[in-house]
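The values are calculated or read from the model by the stated rules, or taken from the named source; none is laboratory data. Predicted, not measured: the structure shown is a model, and the values here were computed from it. Neighbour counts are summed over all protein chains in view; Cβ atoms, including those assigned to glycine, are modelled from backbone coordinates with ideal geometry.
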Amino acid sequence: ASRSRGLSGALAGWQLARRPMRGAGPVLLLVLAVALGMLAVGQGSSWERSQDDQADFRAGTQVRVLSNGTEDPGRGAAYAAVPGVRSASPASRTTVSLSGGRQATVL
């Protein structure tokens, strides 16, 4: 006797069959909520990946060592000699003045 859906399930199905548009509102709300949740998850993942990519682009490497004095191109060999370092290349960034009061950053 317990194999049937029961009276409440039968009455709910009967009401939906009589007035199909009455149940459309909650179903539409549920579909929109799930779609918005999926969009938020996708957007969040995309934003995190974008932040990681922008940080990698700015640094240009996995590890970046900044000097506080004058640039010494010979320091690259000293950093390359540190155990665990596979390669090291020195780089210098400076600002130069251009005509018309403009400035440019040179790497």
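Of the candidates LEU16, LEU11, LEU32, the single residue that is outside any loop (DSSP other than H, G, I, E, B), modelled with pLDDT under 80 and surrounded by 10 or more Cβ atoms within 10 Å (Cβ to Cβ) is LEU16. In region 59-78, is there at least one residue being under 21 Å from LEU107 (Cβ atoms) and acidic (Asp, Glu)? Yes: one or more hits. Of all residues in region 75-91, exactly one satisfies the criterion of being touching a Pro at 6+ places or on another chain (Cβ under 6 Å) and among the small types (Gly, Ala, Ser), namely GLY76.
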